[in-house]
Number of protein chains: 2
Amino acid sequence: MISKAQIKKIASYKEAKFRNQDKVFIVEGVKMVDELINSAFEIEFICALPQWIEANKAIYKRAKNILELREEDLKKLSTMKSPNQVLAVVKQQTPKEIILEDRLVIVLDQIKDPGNLGTIIRLSHWFGIEDIICSENSVDIYNPKTIQSTMGSFFRVNITYTNLKKYLKSLPKTYPVYCSVLEGGKNIYNETLSSQGLIVIGSESHGISKEVLSEATHLIKIPNFAKGSKAESLNASIAAGIIISEFKRR
Amino acid sequence: MISKAQIKKIASYKEAKFRNQDKVFIVEGVKMVDELINSAFEIEFICALPQWIEANKAIYKRAKNILELREEDLKKLSTMKSPNQVLAVVKQQTPKEIILEDRLVIVLDQIKDPGNLGTIIRLSHWFGIEDIICSENSVDIYNPKTIQSTMGSFFRVNITYTNLKKYLKSLPKTYPVYCSVLEGGKNIYNETLSSQGLIVIGSESHGISKEVLSEATHLIKIPNFAKGSKAESLNASIAAGIIISEFKRR
């Protein structure tokens, strides 16, 4: 049975500060923990209701500890509206170095909404994108809402944070950097899109920062078809979906 | 100044039952109320902090009542994390009849997430789609989370609920009904897509119901590019974005 001290510790991981101190994060729910177990991530503990433990004896080898939990403790630890049987404390991984050749890499500039980030990770996985680079002021990938909204894709995509300006300046001058903008870009539907390069997506309220925009080699936009009253913008993850689809559709 | 009875009444509109009884819904925040005022919707009341009333005297003609509100009352009434100055009680509109010729119409089957519905309304507006038909078991468009996530597009798109099976059966046999599926559909990137027809999107967990699928004239899918470990599905609003973009891109 889990101890009070352990419960307190795990509960503290709702905050980035304590997650980063211990270099861990939380994964919740039957389906997500299933995906986790089939990934390369190192599991520190699993805390679960007795029925989950009974049904999942086979996974004992993958976790250092499996702790039994009461329903009321799971409710305390969970960030989900309807906690679902199990919760794992997982080691944060060091991101792999980004390979630039022969592939598309997604770059996220100042994405603040954890759900949007999670959804972009999920759709990147769908489109076979293996790497995402986030600006340092983007939301934390280990935010519980981000993790949950990736629906397991979190374990399949390499995500790294960096100073985007410096990073972009370090690239070869001819390396394609596509920036998605609301105004002044070329209609994405009319462009010949490269099969290697960076695709930069900004936040819906602030767009892409000036210092990043100044490193763009191509400005692209999704044209607005709204009649009469204009539509203001697209949600950042919707824009990302449409843009990545355009790059991949050939 | 607003009365206690009025506060109680407005607070009750968080629930569908009371909204539908009085045929009203709630719109919140400076930007959304701005969009509302520029729309054809009939405003019942506006409740606002003194600073909003002072800054918006010009709108008095559009609202039957403008009631001053204290910060603590706004917090009580609001469904937003950070309530923003103003909240309006608005008359529900009777949807217009759907025109089928020369246009694309979005059909949503059993979409349960209010944020997803709101995002789909917003992106439909962006792509110049004027009508959305929802299955009767879809989430309520007047759900506060739906309204807020449309970012004003709510006031620009005609949304109606119907028995989809009956509706689809009533259409001319040759009228295009595109259903988006995860398996068995044709790769959307290779299809010649019509500029008139219905585009049916299902929920991400349950897809499109069998009785609706059986009325499809075309099954289409967004191909999965994930390498190795497959990606399970796309979020319903992301799928809708990519599909609508494909229909509109010519």
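The values are calculated or read from the model by the stated rules, or taken from the named source; none is laboratory data. Quantities reported herein were computed from a predicted structural model and do not represent experimental measurements. So basically every Cβ, Gly included, is an ideal-geometry build from the backbone, and we count neighbours across all protein chains shown. Each accessible area value is taken on the protein alone, full model and side chains, heavy atoms only, with ligands, DNA and RNA left out. Shrake-Rupley method; radii C 1.70, N 1.55, O 1.52, S 1.80 Å.
Relative to 2.2 N^0.38 Å, what does the C-alpha radius of gyration of region B:91-148 come to as a ratio? Two decimals please.
Details: Rg = 11.4 Å, N = 58, 2.2 N^0.38 = 10.3 Å.
Its radius of gyration relative to the 2.2 N^0.38 Å reference: 1.11.
Report, for A:Ser195, each distance to the same residue's label point in the other copies, shortest first and in nm; define the point 7 Å along Cα→Cβ.
Values, ascending and in nm: 3.2.
Considering the alpha-carbon set of region B:31-150 alone, what are its Rg and its Dmax in angstrom?
Spelled out, the Cα radius of gyration and Dmax of region B:31-150 are 16.3, 50 Å.
Just to be sure I understand the curve: with the Debye formula and one point per C-alpha of region B:104-248, what is log10 I(q)/I(0) at q = 0.12, 0.16 Å⁻¹?
Computed log10 I(q)/I(0) values: -0.44, -0.81.
Apply the Kirkwood formula to region B:4-91: the hydrodynamic radius equals the inverse of the mean of 1/r over all pairs of different alpha-carbon atoms; give it in Å with one decimal. Spell out each step's value before the answer.
Numbers: mean 1/r = 0.0774 Å⁻¹.
Evaluated on region B:4-91, it is 12.9 Å.
Can you give the translational diffusion coefficient of the protein assembly as shown in µm²/s, computed by Stokes-Einstein from the Kirkwood radius over Cα pairs at 20 °C and 1.002 mPa s?
87 µm²/s
Testing the spin-label approximation: label points 7 Å from Cα along Cα→Cβ at A:Asn187 and B:Lys166. State their distance in nm.
4.2 nm
Tell me, what is the percent relative contact order of chain B, built from C-alpha pairs under 8 Å that lie six or more residues apart?
After rounding, I find 19 percent.
Nearest 100 Å² is fine: what is the total accessible surface buried where chains B and A meet, probe 1.4 Å?
Working: alone 13500 and 13510 Å², together 23660 Å².
Accessible area lost upon association: around 3400 Å².
Can you check what the net charge comes to around B:Gly185, using other residues whose Cβ is under 13 Å from the Cβ of B:Gly185 (Lys, Arg +1; Asp, Glu -1)?
-1
Tell me, what HN-Hα J-couplings in whole Hz come from the Karplus equation 6.51 cos²θ - 1.76 cosθ + 1.60 at θ = phi - 60° for each residue of region B:38-55, using x for Gly and Pro?
Here the 3J(HN,Hα) series is 8, 10, 8, 5, 8, 8, 7, 9, 10, 10, 8, 5, x, 5, 5, 4, 4, 7 Hz.
Be a star and scan region B:120-152 for residues whose amide nitrogen sits under 19 Å from the point 7 Å along the Cα-to-Cβ vector of A:Phe225.
Once the point is set 7 Å along Cα→Cβ of A:Phe225, B:120-134 turn out to lie under 19 Å by backbone N, inside region B:120-152.
Please report the antiparallel percentage of the DSSP beta bridges confined to region A:104-248, to the nearest 5.
The antiparallel proportion sits near 5 percent.
Going highest first, how would you order A:67-79, A:142-154, B:32-44, B:122-134 by mean Cβ packing within 10 Å? Display every interim value, and only then the final one.
Working: A:67-79: 16.3, A:142-154: 22.3, B:32-44: 18.2, B:122-134: 23.9.
Ranked from most to least packed, the peptides come out as B:122-134, A:142-154, B:32-44, A:67-79.
Residues of region A:3-25 with amide nitrogen under 15 Å from the 7 Å Cα-to-Cβ point of A:Arg70?
Only A:3-8 pass the distance filter.
If you find the alpha carbon centre of region A:208-239 and of region B:1-49, how far apart are they in angstrom?
Taking the Cα centre of region B:1-49 as reference, the centre of region A:208-239 is 32 Å away.
What length, rounded to one decimal in nm, is gained on full extension from A:Glu101 through to A:Lys14, with 0.36 nm per residue of separation minus their alpha-carbon distance?
Contour length minus Cα-Cα distance gives 27.6 nm.
Please compute the average number of Cβ atoms from other chains found within 10 Å of each residue's Cβ in peptide B:151-158.
Numbers: counts 6, 3, 4, 0, 1, 6, 2, 0.
Per residue, the number of nearby Cβ atoms from other chains is 3 on average.
For chain B, list the DSSP H helices whose alpha carbon atoms reach 30 Å or more along the long axis and whose average Kyte-Doolittle value is 0.5 or above?
The qualifying helices: there are none.
Which whole number of Å³ per residue matches the convex hull of the alpha-carbon atoms in chain B?
147 Å³
When you look at the Cβ of every residue in A:116-125, what mean number of other chain Cβ atoms sits within 10 Å? Intermediate values should be presented prior to the final figure.
On the way: counts 0, 0, 1, 5, 1, 0, 6, 8, 3, 9.
Neighbouring Cβ atoms belonging to other protein chains average 3 per residue here.
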